[in-house]
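> Quick one: the structure is below, and I'll ask about it shortly.
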Amino acid sequence: MRTGKNYQLSAEVDNLKKRLKESSPEEKEAVSKQLKAKKAELRKAENRYLWAEINRHKYIYLLLFIPVVYYFIFKYIPLWNAQIAFRNFVSLKRTGITGGQWIGLANFKEFVQSYYFWPLIRNTLMYSFGKLLVSLPLSILLAIAIYECTHKALRKVVQTLSYLPHFLSWVIMYGVLLALLSPSEGILNDIIKLFGGTPKGFLTNSTAFPFIVILSDAWKEIGWSAIIFIAALMGIDGSLFEAAIVEGANSWQRVRYITLPSIKSVIVIVLLMKIGTILDAGFNQLYMLQNDAVLGIGDIIDTWVYRGTIQGKFSLATAAGIFKGIIGMTLLYISNWASRKFTESSLF
Amino acid sequence: MKKTIIVLLVALIACTFAFAQGATEAPAAASNEPMTITMLYAATATEVGPIPADWEGYAIIREKLGINLVLQQLPSASADQDLVVQTMAAADELPDFITVPSKKVYDDLVAKGFFADVTDDFAKMPERSKVMFGAGSKAYTTYNGRQYGFATPSSYVGNEGLLIRKDWLDKLGLAVPTTLDELYDVMYAFTYNDPDGNGKDDTYGYGAFVESYMNYEAYPGRRFEPLMGAFGVEGTFNMSADNFGLKVKDPAYYDFMVFMKKCLDAGVIDPNWQAYKKDDFRAAWKQGKFGIFREQNSAYANTNNYKPFDDNFPEGGFIVVDAPIGPNGKQSVGPAVEGFRIFAINADCSPEKHAKIVEMFEWMSYGEGYMLCGYGIEGKTYVLNEKGWPVPSAELGDYSYDKSIGQTYVQLRNSSFNYVDPVETNLRYPGYITATSQKYMSAGEVLIEMQSKTWTPAAGMNFLPSPSTDVETFYRQGIAEFLNGTKELTEANWKAWVDQLYALGADKWEKDAYEYAKNGNFLQ
């Protein structure tokens, strides 16, 4: 918060600090007093400036208020409540958050020692990374394609059509997938039959199932995910493209040397944020699509936890949630560090 | 600035505690005002919406009983119902009077102290006790020798049956199958001999979806019980005192698996059976996708349920047949268990409120309360016939209790119907002439026919405990993988899988179930 006056005061504080270091023992007390007074003056000036700035942008701050309240209620209060993972929680009145018997890491042990712990981790990571590897590049490609499209009407139609599936619930999507993939009357199997092939039960086939999960997620979400990249593309200085065209750059070269480098930081941020929630593999989707025939490959941490929650094991469910959070946070820090080191872009 | 931040932080932390500890309860109403009672109910017809705000019952209950009734409806899916009640309990937001969706939830919440002891309340409900609270009912809710819920009948015993397309049998010149081999031949013919005559290869012999209850109709579940019955492995447990245990370890279970695999490999079972949800399955038989399946009497024959099939196939029709006889003479449609719906009173209710709930519950079971909850309002949702029975009427339009709007006014039927009174059965399932084919249908008569088939007595099997999440997953996944071919079905592989199931915890499940069955006198 440096204004002209603040800069002056700040410089004076720096000078006094310097003088204090260099001053003789006799002078030190007087200089120290001066420094203290100047620091107080600087602090007051900075506060005045801060409040003036807040006042000037009060409507922007007002907009910030709603997400802050949201995060406070739904993200920070649960941090306090998360201690039930270490307790025998029954209910808010019977044991309260803090009244349940302390059982340490028993719930974590139950989760980690589950027969299905490693398959659950494997499946969860497989779907998370699979979706990341497929959906992220596809949404970047879609964003670039929409941005590069010069036919305005076509661009709008494609953009709208690609958003639409995002607004369908997985219940409806399941119906659509069944109509497409059913071995008896699915469109895909009709085509297979047309060419003399044998119909396949894709939704009950453990080899096909992961592909269905990843590709159906991409179909549903790439349009929505592309919005942030389209927004980033809109911010690129148009004169760069004009100059490139004058220099004879073709479309591919413009994408490679202007578009992609310009949105690199946004790509890195989106990637890092997705890595932070890497163990959220898509509960709604997997819960709807999975069936007993593909449980071995379709069960993820969240669906396992859901079955536990139905049995009233809220402490166990919370332990699994904390486990996911710790893994996600660790991966986020590692990725952020790596990104800063190798690409000079990072979240923090 | 620092001070401001500190003040804000302190305020936030204070708020955190306030939110975390929950709100305090509102003070009780003055004694001369109606007592507010909140009730969580399971709708009788989930597809038509909740009880309307203008339901006359609110005013009648306020006037007659001094109760301001506030109703909350449970979701329709059973897993969602369990989750809602568990979440309400964890938040201490359970209503005063609760329809408990499953035995599993009941056992858990009783052990945690959420439900009030109602052992002494049965004596205060003489009318309801006459028709609903037998020894089986009380055994269902007994915990450490006391009852913490009222278990009322939730369905007619033996209300499902094996149905076969009679028109397909006739067209292909096939006799009604009685043995498993004959049934297989019919399934094969239905699949490959174009029974609907449309010239397309678009039909299957047998249709199903996965509907399983681990403690008594484990995976692959209820819809395959008639096939399992042919091998004597219907139901999850063998309930005999000498040989109690999971049927999956019976060598005959392997024979059933071999038969199932043969059917699946031959393509005579609709391959969507693992992907279908209940509604998909029901839509499929109404579209003529398969010709043999197990279905519930009302889901098959009630007016609204039969109509789509009748519209699609006016010349078509089904017959109820007995389960096929297996290679060793075994035969069963499935385990016959008495189904119960549990109603519990919140342990936090005051003694006055507790007594009021008991009074209301008794009132709902006879006379005016029974008529209100079961049939609605005379002249609005029903008319009285010459026998004085409340019957639906075309003159009432959509408000008639058998029509979509009228059904919303009788959503509390589950709280009043007793499933034993023949008049009630008759009214619940009235005979009618179908709109398109003009033939006579009666879900009531279908029920009687279904009940007359071969069932396996299995009293108390549905009371037994369920396995842990890991054992359940291993059980379901393993059988599915054998049937799908992911695991090769050989005797050695099957034995190894059963051994692993027991090593994982099925032995504990079996022991717990045995203790429960022994203490409840359910061993045969």
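> Starting from residues that are in contact with a strand residue (DSSP E or B) (Cβ under 9 Å, 6 or more places away or on another chain) and not in a helix (DSSP H, G or I), keep the ones in region B:221-233 and report whichever is nearest to B:Lys277 (Cα to Cα).
Step by step, filter region B:221-233, then rank; the result is B:Gly221.
> Return a yes/no flag: does region B:441-461 have any residue that is surrounded by fewer than 20 Cβ atoms within 10 Å (Cβ to Cβ) and within 14 Å of chain A (Cβ to nearest Cβ).
No, region B:441-461 contains no residue that is surrounded by fewer than 20 Cβ atoms within 10 Å (Cβ to Cβ) and within 14 Å of chain A (Cβ to nearest Cβ).
> Let me ask something additional. Return the pair list, or none, for Cβ contacts closer than 9 Å from residues in region B:71-86 that are within 14 Å of B:Ile51 (Cα to Cα) to residues that are aromatic (Phe, Trp, Tyr) and in a helix (DSSP H, G or I), at least 6 apart or on different chains.
So the pair list comes out as B:Leu71/B:Tyr58.
> Among the residues of region B:92-101, is any part of a helix (DSSP H, G or I) and in contact with a helix residue (DSSP H, G or I) (Cβ under 9 Å, 6 or more places away or on another chain)?
First pass over region B:92-101, keeping only residues part of a helix (DSSP H, G or I): none.
No, every residue in region B:92-101 fails to be part of a helix (DSSP H, G or I) and in contact with a helix residue (DSSP H, G or I) (Cβ under 9 Å, 6 or more places away or on another chain).
> If you don't mind, there's one more thing I want to ask. Take the residues in region A:193-207 that are of a type outside the set (Ser, Thr, Tyr) and either touching a Cys at 6+ places or on another chain (Cβ under 9 Å) or surrounded by fewer than 16 Cβ atoms within 10 Å (Cβ to Cβ) (or both); name whichever of them is nearest to the other protein chains (Cβ to nearest Cβ). Explain how you work it out, then say what you get.
Taking region A:193-207 first, the residues of a type outside the set (Ser, Thr, Tyr) are A:193-197, A:199-203, A:205.
Keeping just the survivors that are either touching a Cys at 6+ places or on another chain (Cβ under 9 Å) or surrounded by fewer than 16 Cβ atoms within 10 Å (Cβ to Cβ) (or both) gives A:193-197.
Details: A:Lys193: 9, A:Leu194: 13, A:Phe195: 15, A:Gly196: 13, A:Gly197: 14 Å.
So, considering only residues that are of a type outside the set (Ser, Thr, Tyr) and either touching a Cys at 6+ places or on another chain (Cβ under 9 Å) or surrounded by fewer than 16 Cβ atoms within 10 Å (Cβ to Cβ) (or both), the one nearest to the other protein chains (Cβ to nearest Cβ) is A:Lys193.
> Can you name the number of the only condition in (1) within 14 Å of chain B (Cβ to nearest Cβ); (2) surrounded by 15 or more Cβ atoms within 10 Å (Cβ to Cβ); (3) closer than 19 Å to A:Trp219 by Cβ that A:Ser184 fails?
Unmet for A:Ser184, out of (1) within 14 Å of chain B (Cβ to nearest Cβ); (2) surrounded by 15 or more Cβ atoms within 10 Å (Cβ to Cβ); (3) closer than 19 Å to A:Trp219 by Cβ: (3).
> A further question follows. Does B:Tyr475 satisfy the criteria of being within 14 Å of another protein chain (Cβ to nearest Cβ), surrounded by 22 or more Cβ atoms within 10 Å (Cβ to Cβ), touching a residue at least 60 places away in the same chain (Cβ under 8 Å) and touching a Phe, Trp or Tyr at 6+ places or on another chain (Cβ under 7 Å)? Give the steps one after another, and end with the answer.
Working: within 14 Å of another protein chain (Cβ to nearest Cβ): yes; surrounded by 22 or more Cβ atoms within 10 Å (Cβ to Cβ): yes; touching a residue at least 60 places away in the same chain (Cβ under 8 Å): yes; touching a Phe, Trp or Tyr at 6+ places or on another chain (Cβ under 7 Å): yes.
For B:Tyr475, the condition - within 14 Å of another protein chain (Cβ to nearest Cβ), surrounded by 22 or more Cβ atoms within 10 Å (Cβ to Cβ), touching a residue at least 60 places away in the same chain (Cβ under 8 Å) and touching a Phe, Trp or Tyr at 6+ places or on another chain (Cβ under 7 Å) - is met.
> Considering only helices (runs of 4 or more DSSP H) fully contained in region A:1-114, which possess at least 1 residues that are over 30 Å from B:Ala90 (Cα atoms)? Working first, answer last.
On the way: elements: A:4-22, A:25-56, A:58-71, A:77-81, A:96-99, A:106-112.
Correct list: A:4-22, A:25-56, A:58-71.
> Take B:Ala355 and decide whether it is of a type in the set (A, V, I, L, M, F, W, C), in the same structural domain as B:Lys112 (by TED's automatic domain parsing) and surrounded by 23 or more Cβ atoms within 10 Å (Cβ to Cβ). Can you show your working first?
Values: of a type in the set (A, V, I, L, M, F, W, C): yes; in the same structural domain as B:Lys112 (by TED's automatic domain parsing): yes; surrounded by 23 or more Cβ atoms within 10 Å (Cβ to Cβ): no.
Considered against the rule, which asks whether it is of a type in the set (A, V, I, L, M, F, W, C), in the same structural domain as B:Lys112 (by TED's automatic domain parsing) and surrounded by 23 or more Cβ atoms within 10 Å (Cβ to Cβ), B:Ala355 comes out as no.
> Okay, next question. Do any helices (runs of 4 or more DSSP H) entirely within region B:103-194 hold 1 or more residues that are closer than 29 Å to B:Trp363 by Cα, and if so, which?
Values: elements: B:103-111, B:126-131, B:135-140, B:166-172, B:180-192.
Here the list reads B:103-111, B:126-131, B:135-140.
One line per residue, one yes/no per condition, for (1) closer than 19 Å to A:Val134 by Cα; (2) in the same structural domain as A:Glu242 (by TED's automatic domain parsing); (3) in a loop (DSSP other than H, G, I, E, B):
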residue	(1), (2), (3)
A:Ser265	no, yes, no
A:Ile275	yes, yes, no
A:Asp280	yes, yes, yes
A:Tyr287	no, yes, no
A:Val305	no, yes, no
A:Gly308	no, yes, no
A:Ser315	no, yes, no
A:Thr318	no, yes, no
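> Within the bounds of region B:276-299, is there any residue that is within 14 Å of another protein chain (Cβ to nearest Cβ), free of Cβ contacts under 8 Å to residues at least 24 places away in the same chain, closer than 24 Å to A:Asn205 by Cβ and not small (Gly, Ala, Ser)?
The answer is yes, given that some residue of region B:276-299 is within 14 Å of another protein chain (Cβ to nearest Cβ), free of Cβ contacts under 8 Å to residues at least 24 places away in the same chain, closer than 24 Å to A:Asn205 by Cβ and not small (Gly, Ala, Ser).
> Here's something else I'd like to know. Let me spell it out: the conditions are (1) buried (at least 18 other Cβ atoms within 10 Å of the Cβ); (2) more than 19 Å from the chain's Cα centre (by Cα), and B:Glu395 meets all of them except one. Which number is the exception?
(1)
> Of the conditions (1) within 21 Å of A:Ile297 (Cα to Cα); (2) surrounded by fewer than 19 Cβ atoms within 10 Å (Cβ to Cβ), A:Tyr257 clears all except one; give me its number.
(1)
For (1) among the charged types (D, E, K, R); (2) under 17 Å from B:Asp348 (Cβ atoms); (3) within 10 Å of another protein chain (Cβ to nearest Cβ); (4) over 21 Å from the mean Cα position of the chain (by Cα), each residue gets a yes or a no:
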| site | (1), (2), (3), (4) |
| --- | --- |
| B:Leu83 | no, no, yes, no |
| B:Ala91 | no, yes, yes, yes |
| B:Asp96 | yes, yes, no, yes |
| B:Val100 | no, yes, no, no |
| B:Phe114 | no, yes, yes, yes |
| B:Thr119 | no, no, no, yes |
| B:Phe122 | no, no, no, yes |
| B:Pro126 | no, no, no, yes |
| B:Ser129 | no, no, no, yes |
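> Farther than 25 Å from B:Gly478 by Cα, without any contact (Cβ under 8 Å) to a residue 60 or more places away in the chain, more than 10 Å from chain B (Cβ to nearest Cβ) and under 15 Å from the mean Cα position of the chain (by Cα): does that describe A:Lys324?
Values: farther than 25 Å from B:Gly478 by Cα: yes; without any contact (Cβ under 8 Å) to a residue 60 or more places away in the chain: yes; more than 10 Å from chain B (Cβ to nearest Cβ): yes; under 15 Å from the mean Cα position of the chain (by Cα): yes.
So A:Lys324 passes the test.
The values are calculated or read from the model by the stated rules, or taken from the named source; none is laboratory data. Just so it is clear, the structure is predicted and the values come from calculations on it, not from any experiment. A quick note on method: Cβ atoms are made from the backbone with ideal geometry, for glycine too, and the neighbour counts reach across all protein chains shown.
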